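The values are calculated or read from the model by the stated rules, or taken from the named source; none is laboratory data. Treat the numbers as computed from the prediction; the structure is a model and nothing was measured. FYI the Cβ positions are ideal-geometry reconstructions off the backbone, even for glycines, and counts take in every protein chain you see. Note: accessible area is taken over every heavy atom of the protein model, side chains too, but ligands, DNA and RNA are not part of it. Shrake-Rupley method; radii C 1.70, N 1.55, O 1.52, S 1.80 Å.
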Amino acid sequence: MDTILYTVCAVAGWFAAGYMLRLQRRQPSPARGAICVALGAFAAGITIAIPPVAAGIDDVSGLPNLAKVVSHGCAMTIAASAEHMLLHLSLPPAKAAARSRIWVWVTSGAFLAMVALFAYTLTYDQPVLLTVEYARDPAVTAYLLIFMLVGFFAYCTDISRLCWRFARICGRPWLRRGLRLTAVGAAFALLYSTNKIVYLVAYWSGHRPGGERQIAAVLVTIGALLMMTGLTMPAWGPILTITRRWDDYRSYRQLEPLWRDLVAALPELELDPSLRRPLGAVRDIDYALTRRVAEIRDGRLALRPYTDVRVTELAGQFAEQAGLTADEQRANVEAAHLACALRRHRAGRVAPVPQPADELHRPEGGYAGEIGWLAQVTTAYTRSPVVARTLVAARLAAAQDTPNRVGDAPR
């Protein structure tokens, strides 16, 4: 049974690795590159672990357990790559790089210790297998414990924790689903290592229970398929929702006027210029829309020193005179703030009394509500007479201010 299950996993692994490698060549990114390494290591490792293949490698090399050691090294590479991807998704770049380096050193040290123990077993008169059946041998026990505790327990616990934590704040629905599925797959990997450790204890206690290989094969298959599906889901998932993709693309285009002016004033906001290419956003509209929403919000925060508190009163009066609803009034006030702040930014004049940060509107409805709110703001920004009147009134009020240039303390 384990031969069939491992073969199924190997075929799925090579297919997933090829699919992600194709995407990485078209749109390179560190996170996707880490996924490619993880899937490639998984495909190679599970292929080597197929019993007939493993036996052939051991026979040709003349080294018992060589295939198992290589396969275990691939498993540790999978975990390290997945950890690297999640750290870069959930932490600032510098902190993520520091944490990744620690994991690399720990993993490298653990694998070198495993190789040393493997080499030690080669000196035996009678060869042993690096499996629980030979758990009474101290070298085999040490090898398996290092592999289980570092390769699975430490990594999979952290991977599951990071996946659940990042999924709660992630705006991309298919990435959120993929992270949760990856967390479940990591939980099955923890069950795999727990199964191994339970059998180790049983063999050390003098018992010889059967079925360990079959249980391990089932747990590895379920965990691997769930993790592969979860890691690749952000890439292929959006294809399943054509209607949603069209709605997202329409929202993406609707937000362009406001985003374009913000990026022109603050070029550092734009983190992925490749989305400007023809059809760049169409290939991954979920990602493109998320980036656009985040950059507009980042621009709003960057313009805080230029948002004059008086604009709220001016725009509110004009909106009320225009007979707008409460939601329309709020969107017009926000659009007026952005328009006036951009003008102040271009002139290098900070606001005498900036608008407090806690007055920023936070719409209900999660990510979808955020998109709808920013679409309202963008429409008001480009078309509303309220915004135009507020700009004129704010210009007249600013002409009476004592000039506050950037770097000056407000008087």
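Being without any contact (Cβ under 8 Å) to a residue 40 or more places away in the chain, of a type in the set (Val, Ile, Thr) and touching a helix residue (DSSP H, G or I) at 6+ places or on another chain (Cβ under 8 Å) is a description that does not apply to VAL132.
Can you tell me which residue is modelled with the highest pLDDT among those in the stretch 226-247 that are assigned to a helix (DSSP H, G or I) and over 24 Å from ARG25 (Cβ atoms)?
Selected residue: LEU226.
Return yes or no: is ILE102 in a helix (DSSP H, G or I) and either over 30 Å from PRO209 (Cβ atoms) or of a type in the set (D, E, K, R) (or both)? In short, yes. Screening THR402, THR325, THR378 for residues that are open to solvent by 20 Å² or more (accessible area, probe 1.4 Å) and modelled with pLDDT of 80 or more leaves exactly one candidate, THR325.
Tally the residues that are among the small types (Gly, Ala, Ser), open to solvent by less than 30 Å² (accessible area, probe 1.4 Å) and either within 11 Å of PHE118 (Cβ to Cβ) or touching a Pro at 6+ places or on another chain (Cβ under 8 Å) (or both), restricting the search to the stretch 138-158. Step through it out loud before you land on a result.
Step one: of the stretch 138-158, the residues among the small types (Gly, Ala, Ser) are 139, 142, 151, 154.
Narrowing the set further to residues that are open to solvent by less than 30 Å² (accessible area, probe 1.4 Å) leaves 139, 151.
From what is left, the residues that are either within 11 Å of PHE118 (Cβ to Cβ) or touching a Pro at 6+ places or on another chain (Cβ under 8 Å) (or both) are 139.
Qualifying residue count for the region: 1.
Once the stretch 350-362 is narrowed to residues that are within 16 Å of ALA335 (Cβ to Cβ) and open to solvent by 30 Å² or more (accessible area, probe 1.4 Å), the residue that is modelled with the highest pLDDT is HIS361.
Close Cβ contacts (under 6 Å, 6 or more residues apart or on different chains) running from residues in the stretch 198-225 that are touching a residue at least 40 places away in the same chain (Cβ under 8 Å) to residues that are open to solvent by 60 Å² or more (accessible area, probe 1.4 Å) comprise GLN214/MET1.
Apart from one condition, LYS196 fits all of (1) touching a Ser or Thr at 6+ places or on another chain (Cβ under 6 Å); (2) more than 29 Å from ARG22 (Cα to Cα); (3) of a type in the set (D, E, K, R); the exception is (1). Reported count of residues in the stretch 51-90, each being of a type in the set (A, V, I, L, M), open to solvent by less than 20 Å² (accessible area, probe 1.4 Å) and over 18 Å from LEU122 (Cα atoms), is 6.
Scanning the stretch 168-187 for residues that are of a type outside the set (A, V, I, L, M, F, W, C) and part of a helix (DSSP H, G or I), we see that the one that is most open to solvent (accessible area, probe 1.4 Å) is ARG168. Identification of helices (runs of 4 or more DSSP H) wholly contained in the stretch 273-364 with 1 or more residues that are within 23 Å of PRO173 (Cα to Cα) and of a type outside the set (A, V, I, L, M, F, W, C) yields 280-283, 285-302. Apart from one condition, LEU162 fits all of (1) under 30 Å from SER205 (Cα atoms); (2) open to solvent by less than 20 Å² (accessible area, probe 1.4 Å); the exception is (1).
Which of the residues that make up the stretch 135-158 are farther than 20 Å from LEU219 by Cβ, of a type outside the set (D, E, K, R) and touching a Phe, Trp or Tyr at 6+ places or on another chain (Cβ under 8 Å)?
ALA139, VAL140, THR141 - these are the residues of the stretch 135-158 that are farther than 20 Å from LEU219 by Cβ, of a type outside the set (D, E, K, R) and touching a Phe, Trp or Tyr at 6+ places or on another chain (Cβ under 8 Å).
Scanning the stretch 118-137 for residues that are of a type in the set (A, V, I, L, M, F, W, C) and in a helix (DSSP H, G or I), we see that the one that is surrounded by the fewest Cβ atoms within 10 Å (Cβ to Cβ) is ALA119. Of these, ARG26, ARG22, ARG101, which one is over 27 Å from LEU181 (Cβ atoms), within 24 Å of the chain's Cα centre (by Cα) and among the basic types (Lys, Arg)? Being over 27 Å from LEU181 (Cβ atoms), within 24 Å of the chain's Cα centre (by Cα) and among the basic types (Lys, Arg) holds for just one of ARG26, ARG22, ARG101, which is ARG101.
Considering ARG172, ARG180, the condition of being at pLDDT 85 or above and within 25 Å of LEU39 (Cα to Cα) is satisfied by ARG180 alone. Give me the pairs, please: first residue somewhere in the stretch 276-300 and open to solvent by 50 Å² or more (accessible area, probe 1.4 Å), second residue anywhere and in a helix (DSSP H, G or I), beta-carbon distance under 6 Å, and either six or more positions apart or on two chains. If the second residue must be in a helix (DSSP H, G or I), the pairs left are ASP298/LEU269.
The residue that is nearest to ALA315 (Cα to Cα), counting only those in the stretch 328-342 that are out of contact with any Gly (no Cβ under 7 Å at 6 or more places or on another chain) and surrounded by fewer than 24 Cβ atoms within 10 Å (Cβ to Cβ), is ARG330.
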